[in-house]
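Let me begin by presenting the structure, written as structure tokens, before commenting on it.
The values are calculated or read from the model by the stated rules, or taken from the named source; none is laboratory data. Not measured: the values here are computed from a predicted model. Ideal geometry is used to build each Cβ from the backbone, glycine not excepted, and the neighbour counts take in all protein chains shown. Ligands, DNA and RNA are stripped out before the accessible areas are found, and what is left, the full protein with its side chains, is counted by its heavy atoms. Shrake-Rupley method; radii C 1.70, N 1.55, O 1.52, S 1.80 Å.
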Amino acid sequence: MQIHIIAVGERMPEWVQAGYAEYAKRLPHECRLTLHEVPAGKRTKNADLVRLTSAEGARQLAAIPAGSRVVALDRSGRELDTQTLAVRIAKQLGTGKDLALLVGGPEGLAPECLAAAHEHWSLSKLTFAHPVVRVVLAEQLYRAWSILKNLPYHR
């Protein structure tokens with residue numbers, strides 16, 4: 001199984017890239033984590049944010065690998081604790097199908113992405129800057145993996 005994070009935005013700060021890379025490299029080949037960055041629309045003073053978000057969503061949907069289970073990360077989604085996330089990852093591993101996690105841009109996910117998702121998850125009731133989500137998500141996926149393998153990382 002491969003986990004695909006399909007996120008809006010390119011050229012993240014070095015600390016975001018380093019944080020994501022640290023956890024992605026810890027995951028084994030059988031649960032490989034791959035980041036797909038889709039270009040964000042240009043936000044200007046008079047930008048049509050609905051149109052921009054919809055265009056970003058279309059790019060995200062086009063990046064989803066065929067046959068993947070799609071999860072939208074959205075503040076109104078279901079909050080999962082780490083143990084439940086581990087159970088979800090184990091269940092998905094059992095299917096042999098890839099998992100695609102959609103991360104929106106500054107305005108969140110396009111309605112088309114929310115409609116296409118099999119599930120909606122929330123990382124927290126807190127609002128995170130969208131670059132931070134990449135690091136938090138990668139760390140939580142690694143933590144869930146460590147629970148499944150009884151590694152000491154999760155205490």
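For this structure, a couple of remarks:
- Looking at A40, A47, just one residue is more than 16 Å from Q2 (Cα to Cα) and in contact (Cβ under 8 Å) with a residue 60 or more places away in the chain, and that residue is A40.
- Subset of segment 26-60 that is within 18 Å of V132 (Cα to Cα) and either in a loop (DSSP other than H, G, I, E, B) or of a type outside the set (V, I, T) (or both) - its residue that is least open to solvent (accessible area, probe 1.4 Å): L33
Yes or no, residue by residue, for (1) assigned to a loop (DSSP other than H, G, I, E, B); (2) among the aromatic types (F, W, Y); (3) more than 10 Å from the chain's Cα centre (by Cα):
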| residue | (1), (2), (3) |
| --- | --- |
| L102 | no, no, no |
| V136 | no, no, no |
| Q140 | no, no, yes |
| L151 | yes, no, yes |
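- Qualifying residues in segment 105-119 (those that are open to solvent by 50 Å² or more (accessible area, probe 1.4 Å), touching a residue at least 40 places away in the same chain (Cβ under 8 Å) and out of contact with any helix residue (DSSP H, G or I) (no Cβ under 7 Å at 6 or more places or on another chain)) - the one farthest from E22 (Cα to Cα): P111
- Checked against the criterion of being over 22 Å from C31 (Cβ atoms) and buried (at least 17 other Cβ atoms within 10 Å of the Cβ), segment 130-151 contains one or more residues that satisfy it.
- Evaluation of L99 against the conditions (1) open to solvent by less than 80 Å² (accessible area, probe 1.4 Å); (2) on the phi > 0 side of the Ramachandran plot shows that the sole unmet condition is (2).
- Scope segment 72-81; condition touching a His at 6+ places or on another chain (Cβ under 7 Å) and open to solvent by less than 50 Å² (accessible area, probe 1.4 Å); matching residues: A72, D74, G77
- Every residue from segment 30-54 that is under 20 Å from R88 (Cβ atoms) and of a type outside the set (V, I, T): E30, C31, R32, L33, L35
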